[in-house]
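Only one structure is covered here, and it is reproduced in the block below.
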Amino acid sequence: MEILYYGATVISWKSPDVASGDPLERLFVSSKASLDGSKPVRGGIPIVFPVFGALELPQFSHLKQHGYARSSTWSFTTVLVDDDSSVSVKLCEYICSPVSALRFLILRQLLVPHQR
């Protein structure tokens, strides 16, 4: 699995091909996607917060499509599990809402079972 700090987006996850046993990519990431943090990734598994799509209410019209969590730079927090059965990591981001005085702590925890 490969995760970008920008948007905490999972951009790669491979599991064995049933026929050959070779690792096979399971996620789509556009060939036009920027992986340098200049804009949100097109594809993969993103964090969408606080909205999906564009908001139609005028007071939210300045928000980016799919919210602001996918265009924030996240921090690696900790390895929760790393043993023979799986690997689990946690990333977090403190986000100040551009539309209110609210501040959010968003955690992304990923658990990946080891393939046998």
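Free of Cβ contacts under 8 Å to residues at least 24 places away in the same chain, among the hydrophobic types (A, V, I, L, M, F, W, C), assigned to a loop (DSSP other than H, G, I, E, B) and more than 17 Å from Tyr68 (Cβ to Cβ): does that describe Leu27? Break it down stepwise before answering.
Numbers: free of Cβ contacts under 8 Å to residues at least 24 places away in the same chain: yes; among the hydrophobic types (A, V, I, L, M, F, W, C): yes; assigned to a loop (DSSP other than H, G, I, E, B): yes; more than 17 Å from Tyr68 (Cβ to Cβ): yes.
So Leu27 fits the description; yes.
Condition check: assigned to a strand (DSSP E or B) and at pLDDT below 75. Does Val89 satisfy that?
Working: assigned to a strand (DSSP E or B): yes; at pLDDT below 75: yes.
In short, yes.
Answer yes or no: is there a residue in the stretch 7-17 that is loosely packed, with under 14 Cβ neighbours inside 10 Å, over 16 Å from Leu110 (Cα atoms) and at pLDDT 80 or above.
Yes, the conditions are met somewhere in the stretch 7-17.
Please go through the stretch 37-51 and give me each residue that is touching a residue at least 24 places away in the same chain (Cβ under 8 Å), at negative phi and not in a strand (DSSP E or B), ordered by number. First the steps, then the outcome.
Here is the first cut: in the stretch 37-51, the residues touching a residue at least 24 places away in the same chain (Cβ under 8 Å) are 37, 39-41, 43-47, 49-50.
From what is left, the residues that are at negative phi are 39-41, 45-47, 49-50.
Lys39, Pro40, Val41, Pro46, Ile47, Pro50 - these are the residues of the stretch 37-51 that are touching a residue at least 24 places away in the same chain (Cβ under 8 Å), at negative phi and not in a strand (DSSP E or B).
With the structure loaded, tell me whether Glu2 is among the acidic types (Asp, Glu) and in contact (Cβ under 8 Å) with a residue 12 or more places away in the chain or whether it fails that test.
When the stated conditions are applied, Glu2 does not pass them.
Residues to consider are Ala8, Ala33, Ala19; find the one that is in contact (Cβ under 8 Å) with a residue 60 or more places away in the chain, in a loop (DSSP other than H, G, I, E, B) and either in contact with a Phe, Trp or Tyr (Cβ under 7 Å, 6 or more places away or on another chain) or small (Gly, Ala, Ser) (or both). Working first, answer last.
Values: Ala33 fails: in contact (Cβ under 8 Å) with a residue 60 or more places away in the chain; Ala19 fails: in contact (Cβ under 8 Å) with a residue 60 or more places away in the chain.
Of Ala8, Ala33, Ala19, the one residue that is in contact (Cβ under 8 Å) with a residue 60 or more places away in the chain, in a loop (DSSP other than H, G, I, E, B) and either in contact with a Phe, Trp or Tyr (Cβ under 7 Å, 6 or more places away or on another chain) or small (Gly, Ala, Ser) (or both) is Ala8.
Please state which of the following conditions Asp36 fails to meet, knowing it meets all the rest: (1) loosely packed, with under 11 Cβ neighbours inside 10 Å; (2) over 15 Å from the mean Cα position of the chain (by Cα).
Status for Asp36: all satisfied but (2).
The values are calculated or read from the model by the stated rules, or taken from the named source; none is laboratory data. A quick note: this is a predicted structure, and the numbers were derived from the prediction, not measured. Heads up, the Cβs are rebuilt from the backbone with ideal geometry, glycines too, and the neighbour counts pull from every protein chain shown.
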